[in-house]
1. Just one of Gly26, Gly108, Gly61, Gly40 is in contact (Cβ under 8 Å) with a residue 12 or more places away in the chain, touching a strand residue (DSSP E or B) at 6+ places or on another chain (Cβ under 7 Å) and closer than 22 Å to Val2 by Cβ; which is it?
2. One residue is enough: does segment 2-22 have a residue meeting the conditions open to solvent by 40 Å² or more (accessible area, probe 1.4 Å), under 22 Å from Tyr110 (Cα atoms), assigned to a loop (DSSP other than H, G, I, E, B) and at pLDDT below 95?
3. Among residues belonging to segment 49-74 that are under 19 Å from Ala14 (Cβ atoms) and part of a strand (DSSP E or B), point out the one that is most open to solvent (accessible area, probe 1.4 Å).
4. So is Arg27 open to solvent by 70 Å² or more (accessible area, probe 1.4 Å) and at pLDDT below 95 or not?
5. Residues that are within 12 Å of the chain's Cα centre (by Cα), within 25 Å of Val12 (Cβ to Cβ) and buried (at least 18 other Cβ atoms within 10 Å of the Cβ): does segment 99-110 have at least one?
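The values are calculated or read from the model by the stated rules, or taken from the named source; none is laboratory data. It should be emphasised that the depicted structure is a prediction, and the values quoted were computed from it without experimental measurement. All Cβ positions, even for glycine, are placed from backbone atoms using ideal geometry, and neighbour counts span all protein chains on display. The area values use the complete protein model at the heavy-atom level, side chains included, leaving out ligands, DNA and RNA. Shrake-Rupley method; radii C 1.70, N 1.55, O 1.52, S 1.80 Å.
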Amino acid sequence: QVQLVESGGGLVQAGGSLRLSCAASGRTFSTYGMGWFRQGPGKEREFVSGISQSGGNLYYGHSVRGRFTISRDNAKNTVYLQMNSLKPEDTAVYYCAAGVRSWGNPQGEYDYWGQGTQVTVSS
């Protein structure tokens with residue numbers, strides 16, 4: 001069982017930056033691929049970014065590539081999402097997810113989800 005707690009969301013102006021964090025419980029964090037997803041108002045859930053267990057493989061959704069950077073610190077049981085050049089269309093609830101068989105891949109199997117953190121980008 002893994003518990004995930006996101007933090008770092010908030011209100012920011014367009015062009016600004018935020019860094020999201022996702023802290024995981026347990027001693028097996030390094031065995032999980034991690035992903036970030038988001039769901040905007042009236043929209044379906046969307047894959048944002050993912051990272052493999054070792055951090056060697058990174059994945060990004062088309063709409064965030066070049067602006068967002070995912071990273072992880074296995075010693076701290078934490079995965080990060082650095083978000084730069086934010087746009088109003090990035091407004092969403094951002095969720096952290098974990099899965100042994102996810103490998104951070106967009107089509108991977110994510111078994112555990114956090115409660116989400118709200119990101120609002122004003123124009």
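1. Details: Gly26 fails: touching a strand residue (DSSP E or B) at 6+ places or on another chain (Cβ under 7 Å); Gly61 fails: closer than 22 Å to Val2 by Cβ; Gly40 fails: closer than 22 Å to Val2 by Cβ.
Only one candidate qualifies: Gly108.
2. So far as segment 2-22 goes, no, none of its residues is open to solvent by 40 Å² or more (accessible area, probe 1.4 Å), under 22 Å from Tyr110 (Cα atoms), assigned to a loop (DSSP other than H, G, I, E, B) and at pLDDT below 95.
3. Thr69
4. On the way: open to solvent by 70 Å² or more (accessible area, probe 1.4 Å): yes; at pLDDT below 95: yes.
Yes: the conditions hold for Arg27.
5. no
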